[in-house]
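First the structure, in the form of structure tokens, and then the observations on it.
Every read-out reported here was derived from the displayed coordinates using simple, explicitly stated rules and does not represent laboratory data. On a predicted model such as this, the values are computed, not experimentally measured, just so you know. Counting neighbours? That spans all protein chains shown, and the Cβs are built from the backbone with ideal geometry, glycine included.
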Amino acid sequence: MNAMPPLGEPASEPVATAQPASDAGPPLASGAAEPSAPLSPTRETLHYALRNPKLLIGLAVVLVLLLTGLFGPLLLDGPDPNAYSGAQAVGPSGEHWFGTTTFGQDVFAQFVYGLRATFLVGVIGGGIAAVIAMLVGFFAGYRGGVLDEVLTMLTNIVLVIPSLAVLLIVNAYLGVRSVPVQGLFIGLTSWPWAARAIRAQTFSLRTRDFVDLARLSGSRTWKIIFREIAPNMSSYLFMTFILLFGGSILIASSLDFIGLGPTDSVSLGLMLQSAQQWSALQLGLWWWFVPPGVGITAVVGALYVANVGLDEVFNPKLRES
Amino acid sequence: MRRYFARKLLVYVLTFVFAVTVNWLIPRFMPGDPVSAMISRARVSQPEAVEHMRAYYNELFGFDRPVWEQYLHFWSSLLQGDFGISIWVFPQPVSEIILGALPYTLALMIPAILLSWFVGNWLGALAARRKVLDNTVLPAGYLLTAMPYMWIAVLLAWVFGARAGWFPVSGGYSLDIEPSWSWIFFTDALHHWVLPFLSMFLVALGGWAIGMRNMIIYELEADHSSYLAALGAPQRLIRRYAFRNAVLPQITGLALQLGVLVAGALVTEIVFNYPGLGSLILAAIQNRDFFLLQGTFLFIVIGVLIANFVIDLVYVIVDPRTRTGMAGGQS
Amino acid sequence: MTLTVDDLRVHYRTLRGDVRALDGVSFFVDDGEILGLVGESGCGKTTLGKSLIRMDGRMRHVGGTVTLDGDDVPVGDDRAMNAFRFRRISLVPQYSMSAMNPTRRIGRMIRELLASRGASVDTAELHRRLALVGLKPEVLDRYPIELSGGMKQRTVMVISTLLDPSLLVADEVTSALDVSNQKAVAHALVGLRDQGLVTSMVFITHDLALTSHIADTIMVMYAGLLAEKAPANILTSAPRHPYTRRLLAALPEAGVRRSEGRLSGIEGSPPSLLSPPAGCRFRDRCPLADDRCAEQPPVVEVAPRHHVACWKV
Amino acid sequence: MLTLDRVTKTFRTGTFSGSSVTAVDRVSFTVGRGEVVTLLGESGSGKSTLGRMILGLTPVTAGSLTLGGEPVRSGREYYRRVQGIFQDPFSCFNPVFKADRVFALVKEAYYPRVSAADWRGRVERAVRDVRLDPGQVLNKYPHQLSGGQLQRLLIARALLLDGLEFLVADEITSMLDASTRVDVLNLLGDLRERGLGVLYITHDLALGTYLAEQTVVLRGGRITERGATEKVFGNPMHPYTRHLLAAVPRLGVDWVDAEPVGSCVFHDAGAEGELHEAEPDHFVACAQLPGCPGH
């Protein structure tokens, strides 16, 4: 649900800035006399990335869950996660790791397939939102003027409308019944905050002299945006994508829970919905509703934590503390 | 300042027009004959209702008329407060049903949003001050914001309702009590209110705490903080100034998060079977009551727009720069 | 004797090791004296200025002492420094344009700041001091955003000197200004000293010509060390250190044409302070350098109040 | 030859509002081949806007700007003839790429067919021309080089273009240390020998007079005085020029108070933007002066 990430628009400017030749910073002076060759930006980033526990732990958790989603289904007996495969409503055991539902479906089978759906909706929703946000943000921020006014207005409008409400209407009428279509609509409604953030970044970068210098080399607008400006905020764009990814997963789980989820597959949100619908709570079948919630929270939480780690890696200001 | 409000109002008006247009447009994208499609999908048993629906849909959509006329017609009935007739609880008007559910949603949402905002900001400010707190508040905050609203609701219902039996886990009040302005009803409703409130409060809390912590740290590194420190001002004063500045983006953040918070309230209500808009939406979806769904959608949009405007007003009062920025001296 | 700095060493912690930004600097500033501190980027002048009032998180006091009016100044102890800040040592920062909190009216900020230091506002005196730098009392009811850059700069000057400090550190206060404003601000600073609002001043700048107009003494730094310190007119007319000489020779003067006499800069760049080379740090760029310069030259008083760190004087 | 004829630039202050600000107001002068002209002004004088207009980065509102008789326009062919260098060398280099990428962009746009080895030779020659050691500066990231080195690389970049006729140098020394500043200026002066026209934009009077034969003083978007450098500064006529000259700190010369500028009634240059020719090769806009049309 959290379409807007808890981090908001980063307070600190993540754009890589070169130290100007002022006396303000430590005199890491320039030049040939430097004994150890300074690291390239890429190598330096890698250096910090490999030493950042938040990033490493976050990525490890995401990776483990992703692999579970990818390869877990291969370990299962049958291809249908909803198959009635055993005794009804039994707790976790060696045979059914996560127990079974009141209908005798294997919760673990649903969980691993559900993880797939969760990652898929994150990639599609987050990806589409990121593409729209970049297009809107880049062009509004770079071109300015009337185009900027119009795009900003559009962004603000879509931003104010609660996206879940729009998705409710769309899903209810059009009957969105597959994960990719669900992801598509989530992507179409969750881009505004990212577009605003990218616009602001672009706006500050476009006044840099290297943009003018690129124009003086005859580069055209799109080339300047994608070859000069975008590489400068690549870390920022990546972080934005991660947040959109997590946001899409949360929105999708809400839709599933309300009963507007995909009908042709299993998802963690749908698991929660059926647990709720069939009174797993009252019956004390905790193994039915705990795993899907843990799965969603772990994926999204790990992404957020990894994101904080990335911010620390890319933003030298945050490295020290 | 007038320009500021004019701009904001323009956005809100356009947003409303946009929302109404979406509402009008989407049924028209349904494949085939929308009227019969909707009627066949609606789970209606009373033949009376089917007839009424067909007549109403035909009247509402007016497919025989030109498109612009259909659109204007849609607007005019909307402005007369006509949101249609519910199929689910036929023949009650949609607006009536929504107004009946609204108090429950507001009673849940407003305290949850405001309290989580205040407590979250307070916790975040504390976290920025002490390393120990920082190491506990921050991970807890991330965990909370990553939780789907309905899941934390389910967990609370399970632990404090189903297991401990301290709180009821379903409904807005006990089945044997009629809603009235009585003390008995009030305490009973309050008892039912605690868990849904708590689950909304907790999820929202984390985000505010993290945001505040980051903003304060940013403010403490700002030039004006360095200057105060260089003049030997005590940490207390520097922190107070930083806090005040850091609160401003959090107010804007509140406006940006409204949609998310509303969505959270809806699914929380569903978990607790709380008789607010969320449960209405669920019922509308399950019964294919499209009028009810569309009416609720518009109500939510209007509510969010009003809340946004209130936040804008507050912001102007708190941040002097919005008041003086336009007229202030240019450097 | 107001300020005495003895063998002050301050390092910057960086990921590649400690940068020896100040590597043993000694000097003094007399009562009523304005010391102009000049040097190129990375010479340690800003580090020195910060060390005298508030070190930032990455700076570390490694050695040396600072005394003010006979009292030891605990430069490395952030808490203990608070007793000195504002009351005895004050700062007009490089970032004057953004030094005031944007959401507080200036008057209220001054009141709260003074109250926090146990002082109260003498409104008449405050107005008088604002008038001294050409500001109306109305600025106190304004938010910083409502003032122009020059007004903010002057307001900060007034705030910083409200408690009549013994020492004022003015860090690059004129570098962002146009020439006409530069002159006004420079005059205002001298005025603060002449009025007795501050006893003495360290004026940090990269502009040698500007300093020569307001400073009594000029100190030239190079690569974390003192190169030369002399009365302003002597330093600009009869410099002894080769670095000072080359620096002065590289300055075009208004009216001098390239066609008439081609000036040249100093080849090369200052050494890295991560692990500075032994011996004189200007050696690689110095036309006079010889084997003796492999040893670090001591600071010698070659004439009264004229100190030079060079074997060749 | 670059010719400016009543060049004007007005900026609208808001997209939907009617108010506007005139940044450059009817400025006319010429820069010949092999000539260095200093454009002197304080912040807000419109000097950088003027530079950007010459470079085609900002459109001209009114008046005409021609290079060799052809109007200025942005685009690849124009930038083969006209190039610019800006104030902040660190901002001119994209920090995520190596510094030599500025050369690669030139090759990509103008010399796509030149072989890599041949190009490398040209780059090294250009780098040596700006007195840098190719081994020390090539293949490095911008933050590994000093401001002076970066600024020279930008001059080298412009030198790679065979057809270069004109260079706009906007405050290129203001962020450099005093010890390297004059070397960069000397390089700029040497371009004259290559037959280039150079517009040197600066706020620093001393640097301006060091380099140029001709000086244009700009204030509030208008020319107050222009002419041969030694005449403008040897015999300044406009109160503003005198004020500037007096405000500049000079070694060994006391600061004197010039007459206040506020009392100066600007000669409104009128529709023609004409200045009054006070003596040969010395033009002034001042109503106080005898002979001025506004007197």
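If you bin all the Cα-Cα distances of chain B at 20 Å, starting from zero, the percentages per bin are 25, 48, 24, 3, 0.
Comparing B:Pro148, B:Pro47, B:Pro93 in a Gaussian network model of chain B (Cα springs below 10 Å), the most mobile by mean-square fluctuation is B:Pro47. Over 28 Å apart at the Cα level, from the set C:Lys45/C:Lys152; A:Lys54/B:Lys131; B:Lys8/C:Lys136; B:Lys131/D:Lys140, are B:Lys8/C:Lys136; B:Lys131/D:Lys140. Built from the Cα atoms of the stretch D:91-156, the convex hull projects on average onto 4.2 nm², one quarter of its surface area.
Sequence-distant contacts, meaning Cα pairs under 8 Å at least 6 residues apart, place the relative contact order of the stretch C:51-194 at 29 percent. Note on C:Lys183: aspartates and glutamates with a C-alpha under 15 Å away, same-chain residues under 8 apart excluded, are C:Glu172, C:Asp207, D:Glu42, D:Asp204, D:Asp254, D:Asp257, D:Glu259. Listed from fewest to most Cβ neighbours within 10 Å, the set C:Asp171, D:Asp162 follows the order D:Asp162, C:Asp171. Of all alpha-carbon pairs in the stretch B:75-183, indicate the percentage at a distance above 22 angstrom. When every Cα pair of the stretch B:75-183 is considered, 60 percent fall beyond 22 Å.
Ordering C:Glu125, B:Glu221 from the fewest to the most neighbouring beta carbons within 10 Å gives C:Glu125, B:Glu221. Cα-based radius of gyration for the stretch B:163-272, normalised by 2.2 N^0.38 Å, reads 1.61.
Sorted largest first, the spans of the alpha carbon positions of chain C along the three principal axes are 63, 49, 39 Å.
The spread of Cα positions in the stretch C:1-90, taken along each principal axis and listed from longest to shortest, comes to 40, 30, 19 Å. Percent of Cα pairs in the stretch C:145-295 per distance bin of 10 Å, from zero to the largest separation: 9, 31, 31, 20, 8, 1. Among C:Leu235, B:Leu248, C:Leu147, sorting on how many other beta-carbon atoms sit within 10 Å of each Cβ, with the fewest leading, yields B:Leu248, C:Leu147, C:Leu235. Here the stretch B:94-330 is assigned +1 on the Cβ of each Lys and Arg and -1 on the Cβ of each Asp and Glu. Its dipole about the Cα centre then comes out at about 940 debye.
In angstrom, the C-alpha Rg and Dmax of the stretch D:2-220 are 17.5, 55. For chain C, adding -39500 (n - 2.57) for each run of n ≥ 4 DSSP H residues and dividing by the number of residues yields -7500 deg cm²/dmol at 222 nm. The convex hull built on the alpha-carbon positions of the stretch A:120-320 has an orientation-averaged projected area of 13.8 nm².
Report D for the stretch C:74-196 in µm² per second (integer): Stokes-Einstein, Kirkwood Rh on Cα pairs, 10 °C, 1.306 mPa s. Approximately 107 µm²/s, per Stokes-Einstein.
Its relative contact order, with pairs defined as Cα atoms under 8 Å and 6+ residues apart, puts the stretch B:94-330 at 28 percent.
Value of Rg to Rh for the stretch A:215-275, rounded to two decimals, is 1.36; Kirkwood radius and Rg both from alpha-carbon coordinates. When Rg and Dmax are taken over the Cα atoms of the protein assembly as shown, they come to 35.3, 114 Å.
Result for chain C in a Gaussian network model with C-alpha springs under 10 Å: among C:His11, C:His206, C:His127, the largest mean-square fluctuation is at C:His127.
Once the Cα atoms are used to define both axes, helix C:123-132 deviates from the longest principal axis of chain C by about 40 degrees. Comparing C:Ser90, C:Ser212, C:Ser116 in a Gaussian network model of chain C (Cα springs below 10 Å), the most mobile by mean-square fluctuation is C:Ser116.
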